[in-house]
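Please read the structure below before turning to the comments.
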Amino acid sequence: MENFEFQNPTRIVFGRGTETRVGKEIAAYSRKVLLHYGSGSIKKSGLYDAVCKSLAGAGVKWIELPGVVPNPRLSLVQEGIRICRKEKIDFILAVGGGSVIDSAKAIGIGVPYTGDVWEFYTRKATVREMLPVGVVLTIPAAGSESSNGSVITKEEGGYKRDAGAECMRPKFAIMNPELTFTLPPYQTACGASDIMAHVMERYFTHASGVDFTDRLCEVTLKTIIHNTPVVLETPRDYDARAEIMWAGTIAHNDLLGTGRISDWATHQIEHELSGIYDVAHGAGLAVLFPAWMRHVCAEDMRRFVQFAVRVWGVENDFASPERTAMEGIRRLVSFYRDIGLPTTLKELGVKDDRFEEMSKKCVDRGNVGNFVRLDAAGVQKVFALAR
Ligand code: NZQ
Ligand code: ZN
């Protein structure tokens, strides 16, 4: 097991009706907030009204910035920074999913910084402080409600890049599974795929002596595998929604990576797809993860056999570890297909004419991955296998 430090200070407020507490939660920090949200799902569901009522009840004033889109854009972040400075806002409330939260975090790190916020995303600058951010989560997926990262897309050039720092974890995350009842099936499935990817990025490691976290990873994956079909069949199944929502946070709050060296190549590769083709992150991951697995599994066949046997219940074919490993990957692909996700780039509408460009862009801050370090040629191979 590797040495590690672990601290996740985000306070989780979980369960039915918890969104009504948001005003009280914020009052401990601020009297004037930026209310940041997406394209309207919170108005349709009634959540917007509940949040406004709670803020007003706690004597918290707010200014609104709606319009966050999936793969959140830098231009809106910059507008948010201008508004916060002009209005002397000192707290940002994100009501939505990973895109809204990431946009809120970007605004939060941009306000106190004198340079261009994009410098954090190109590694030209290091994040040292962030305005406090609070979250009302509406989709279990990105894990941004307690993660230390933010992923933003710069429209010019189609660059989707991440920034991270410990100070970027939200102060609190309000998580009511009922708020996820309105998710369209495709978004539910994309969320499941992202949660699984966050676990698998940590699972495939060369670190030894990590049986405890191996088992935590496996049970988190099995929770998603079991409950996703349940909520697709019965969208208002509270318990199944709750299992997914909590697993989604645990998958990316860094607990499962303790003592391990995580990979993250597939996430970096997916960001190139989303940056150029604006595909949903979870859909891109469903296409790319099995391709990455096929590309790297020879590196440690035993780990892929363990994945197949313990997560997917594949019978271990001791005469052919490769066959066992491949069956695990095949079952992963079949699961994605069963929950309605694309499993090839073709299905995502991505042709092969920009593989080289995306592969070069993917390594512009250095080669990616730790299980196997991939250069541009390696990344291109993964794209080719995902065709
Ligand atoms: O904008 P609205 O109208 O709210 O619609 C959203 C959006 O269209 C809709 N939605 C959300 N909750 C809903 C709902 N519709 C009905 N009912 C609800 N309860 O779902 C759509 C997708 O929302 P989005 O926020 O984009 O989803 P997600 O949480 O999957 O976030 C994806 C973003 O997070 C980044 C991804 O790259 C992507 O940009 N990630 C952030 C990470 C982090 N900060 O730690 C880690 C992840 O790996 C990921 O990269
Ligand atoms: Zn992700």
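The values are calculated or read from the model by the stated rules, or taken from the named source; none is laboratory data. The shown structure was predicted, so the numbers you read here are calculated from the model rather than taken from an experiment. Cβ coordinates were reconstructed from backbone atoms using ideal geometry, including for glycine residues, and neighbour counts include every protein chain displayed.
Some points to look at:
- Being under 27 Å from GLU357 (Cβ atoms), within 14 Å of ligand 1 (Cβ to nearest atom) and outside any helix (DSSP H, G or I) is not true of ASP254.
- Qualifying position, being over 21 Å from MET245 (Cβ atoms) and buried (at least 22 other Cβ atoms within 10 Å of the Cβ), among ILE92, ILE101, ILE63: ILE92
- Summed over segment 285-305, residues that are farther than 27 Å from ALA142 by Cβ and buried (at least 18 other Cβ atoms within 10 Å of the Cβ) total 1.
- Counted residues, segment 8-28 - those being more than 20 Å from ASP102 (Cα to Cα) and assigned to a loop (DSSP other than H, G, I, E, B): 4
- Every residue from segment 75-94 that is assigned to a helix (DSSP H, G or I), small (Gly, Ala, Ser) and either farther than 25 Å from THR10 by Cβ or in contact (Cβ under 8 Å) with a residue 60 or more places away in the chain (or both): SER75
- Test: residue in segment 29-38 that is more than 10 Å from ligand 1 (Cβ to nearest atom), closer than 26 Å to ASP239 by Cα and part of a loop (DSSP other than H, G, I, E, B): no
So that you can scan it fast, the table gives a plain yes or no per residue for (1) away from ligand 2 (no atom under 14 Å from the Cβ); (2) more than 21 Å from VAL151 (Cβ to Cβ); (3) crowded, with 21+ Cβ neighbours inside 10 Å:
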residue	(1), (2), (3)
GLY209	yes, yes, no
CYS217	yes, yes, yes
LYS222	yes, yes, no
VAL230	yes, yes, no
ALA240	yes, yes, yes
TRP264	no, no, no
ALA280	no, no, yes
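- If you filter segment 138-169 down to residues that are touching a Leu at 6+ places or on another chain (Cβ under 7 Å) and within 16 Å of ligand 2 (Cβ to nearest atom), you find that the one that is farthest from GLY98 (Cα to Cα) is THR153.
- None of MET200, MET245, MET196 is in contact with a strand residue (DSSP E or B) (Cβ under 8 Å, 6 or more places away or on another chain) and assigned to a helix (DSSP H, G or I) except MET245.
- Pairs meeting the criteria (first residue in segment 259-280 and part of a helix (DSSP H, G or I), second residue of a type in the set (Lys, Arg) and within 10 Å of ligand 1 (Cβ to nearest atom), beta carbons under 6 Å, at least 6 apart or on different chains) are HIS271/LYS160; SER274/LYS160; GLY275/LYS160.
- Qualifying residue in segment 352-360 (condition: assigned to a helix (DSSP H, G or I), at pLDDT 95 or above and crowded, with 22+ Cβ neighbours inside 10 Å): yes
- Some residue of segment 288-309 being within 16 Å of ligand 1 (Cβ to nearest atom), farther than 15 Å from ARG202 by Cα and touching a residue at least 12 places away in the same chain (Cβ under 8 Å): yes
- Every residue from segment 361-387 that is farther than 25 Å from TYR203 by Cβ, part of a helix (DSSP H, G or I) and under 23 Å from the mean Cα position of the chain (by Cα): LYS361
- For segment 135-158, the condition holds for no residue, the condition being that it is over 14 Å from the mean Cα position of the chain (by Cα), under 24 Å from ASP239 (Cα atoms), free of Cβ contacts under 8 Å to residues at least 12 places away in the same chain and not in a strand (DSSP E or B).
- Residues within segment 332-342 that are part of a helix (DSSP H, G or I) and surrounded by fewer than 18 Cβ atoms within 10 Å (Cβ to Cβ), tallied: 3
- Qualifying residue in segment 289-298 (condition: within 18 Å of the chain's Cα centre (by Cα), assigned to a loop (DSSP other than H, G, I, E, B) and farther than 21 Å from GLY158 by Cβ): no
- Given (1) under 18 Å from the mean Cα position of the chain (by Cα); (2) buried (at least 22 other Cβ atoms within 10 Å of the Cβ), index of the condition LEU345 fails: (1)
- Residue count for segment 119-149 under the criterion of being among the polar types (S, T, N, Q) and buried (at least 23 other Cβ atoms within 10 Å of the Cβ): the result is 4.
- Only residues that are aromatic (Phe, Trp, Tyr) and either touching a Ser or Thr at 6+ places or on another chain (Cβ under 7 Å) or within 16 Å of ligand 2 (Cβ to nearest atom) (or both) were counted across segment 170-185, and they come to 1.
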